[in-house]
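The values are calculated or read from the model by the stated rules, or taken from the named source; none is laboratory data. This is a predicted model, so every value here is computed, not measured. Note that we place each Cβ from the backbone using ideal geometry, even for glycine, and neighbour counts take in every protein chain shown.
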Amino acid sequence: MIELYILLLFMIAAAVIAVEIRDLLSAVVAVGAVGLALSVAFLVLKAPDLAITQLVVEIICLIILIRATVTRDRVAARGGAALAVGAAACAFVVLFLALARGPFAALPPFGAPLFRTAELYVEAGARGESEPNLVSTIILNWRAYDTLGEATVLFTAVIGVLALLRRHGRKGAAAEEETE
Amino acid sequence: MRPDEFGGGMTLIVKTVARLTVGLILLFGIYVILQGYASPGGGFAGGVIIALAFIHLTLAFGKDSVRWHYDRSIPRFVGRLRAPTLMSLAMLAFLAAWLAHGLVALRGGEARPYDPLVMELCHLFIGINVGAGLFTIFVALVGFPVRGEEGR
């Protein structure tokens, strides 16, 4: 389990770098490091399906982010207030951890979830009521409603992006902006 | 006009490597989709890999070349919004497979709790949905002029 903690620390460090670094392309690379470490963390937790999905989604996000940011300059937002913001963030984290000690202690230990549903899935898979890939059976059989909703969410998101970024049918809006 | 004659895209080295590798990437995506019932992978991951193959082509050859192929390979009657149409069809097919799966399960009797063929079809339709959707998002973000940049 020590490798998981190393990965988590690496992800936190890369996330902080991504927020703090000045160069936008370097920030995108740092975000990619977070995603890669998350993929490896899924592998450590023995979830290869999630690792594959995380890896390919991370790649596609990086491509879109690089295409979106590589031509832009970062608007420097450095000022004297940076120290105050950092201090406030640290104070908030300390306060949050102090308040969350009780709830964290009440959580079930790692690897022993409160809900027993997963055990039922594994038992059904052991009895042979499953495809060779248990994950595939879960998402398409026992949790088919979730998968249907996921596909619908993606479909709606793509339609929304197209509606916002479409090239045609925006002349009226552009003319209104010019007259304002 | 051959696609190589479009000005956009990257250098000849990148174009050659892209031409050699894009078929393998596409094949790997199809493999991940169809093998989803037996090994890690499935419709979502395979669909993303297929979208990545097309993004690979778009980045290497430029969007004009890809649009040229797109216009020649996909019939006009599908309409302007070809990728959303494909996604809609995939969603409907997935819904139909899903409902058929549920009906078989509801009818009980000799139906097994899962049907491998229906699951394979579900993987396939999810893959088409995800691949078309993500490539559409990429084209929308990279291919269309963004507000404020049109004059450049």
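Quick notes on this structure:
- Qualifying residue in the stretch A:155-162 (condition: out of contact with any Pro (no Cβ under 7 Å at 6 or more places or on another chain) and over 30 Å from B:His56 (Cβ atoms)): no
- Those residues of the stretch A:29-56 which are over 30 Å from B:Gly36 (Cβ atoms) and within 14 Å of chain B (Cβ to nearest Cβ), in sequence order: none
- Qualifying residue in the stretch A:144-152 (condition: farther than 28 Å from A:Ile64 by Cβ, modelled with pLDDT under 85 and within 13 Å of chain B (Cβ to nearest Cβ)): yes
Every residue, every condition in (1) surrounded by 14 or more Cβ atoms within 10 Å (Cβ to Cβ); (2) in a loop (DSSP other than H, G, I, E, B); (3) among the basic types (Lys, Arg), yes or no:
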| position | (1), (2), (3) |
| --- | --- |
| A:Asp49 | yes, no, no |
| A:Ile60 | yes, no, no |
| A:Leu83 | no, no, no |
| A:Ala100 | no, no, no |
| A:Glu129 | yes, yes, no |
| A:Asn141 | yes, no, no |
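- Unique residue being within 8 Å of another protein chain (Cβ to nearest Cβ), at pLDDT below 80 and touching a Leu at 6+ places or on another chain (Cβ under 6 Å) when the list is B:Phe144, B:Phe94: B:Phe144
- B:Val66 vs. criteria crowded, with 17+ Cβ neighbours inside 10 Å and at pLDDT below 75: yes
- Subset of the stretch A:2-24 [in contact (Cβ under 8 Å) with a residue 24 or more places away in the chain and surrounded by fewer than 14 Cβ atoms within 10 Å (Cβ to Cβ)]: A:Glu3, A:Leu4, A:Leu8, A:Arg22, A:Asp23
- Whichever residue in the stretch B:19-56 is assigned to a loop (DSSP other than H, G, I, E, B) and of a type outside the set (S, T, N, Q) and, among such residues, is farthest from B:Ala140 (Cα to Cα): B:Ala38
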